[in-house]
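Every read-out reported here was derived from the displayed coordinates using simple, explicitly stated rules and does not represent laboratory data. Model, not experiment: these values are computed from the prediction. Positions of Cβ are backbone-derived with ideal geometry, glycine not excepted, and every protein chain shown enters the neighbour counts.
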Amino acid sequence: MTAIAEAAPKSSEPQPRGNLEVVKKRRQVKVEGPQESVRYFIAKENGVTTLPQLGKEFSSEKEALIESLRTGLTFFAISEWKAIPDFSGKNPQILKQTVASKPHS
C-alpha cells in the first residue's frame, strides 16, 4: 500500500490560539555599584587542570587577551559580588552589589 501526503503550506505568521494570550514576565536583576569591577588574570603555567589557578593580574581585558595569545594560556575574568537584602517594597528582594576590590599586583 502506498500513501501520498501533501505538505501543509508554510506560514510565516504565528497561528492564533483562540483568545488565550501567554504573557511572560521576566525578573530583572538589580545591580548596584560600578560595572567596572572585573579583574583579569592569566592562568598559571603549570597549574592543576581541574582547579583554576590564577597567575599574573592584568589591568584590562586587552592586556589579558594579548598575554593569552602570546603564551597560549587561558585567562580568567573575575567579578566579585555580594548579596544585599532589600525589604523596602511589598516583596523582599535580594540585590547584587559589586565588591570594589583593588588589584593586588
Worksheet item: Separation between the residue 48 and residue 97 pseudo-spin-labels, each 7 Å from Cα along Cα→Cβ, expressed in nm?
Response: 3.4
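Highest mean first, how do 88-99, 62-73 rank when packing is the count of other Cβ atoms within 10 Å averaged over residues?
Highest to lowest by the protection proxy: 62-73, 88-99.
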Worksheet entry | Alpha-carbon radius of gyration plus Dmax, which is the widest Cα pair, for the stretch 31-98 in Å | 16.7, 53
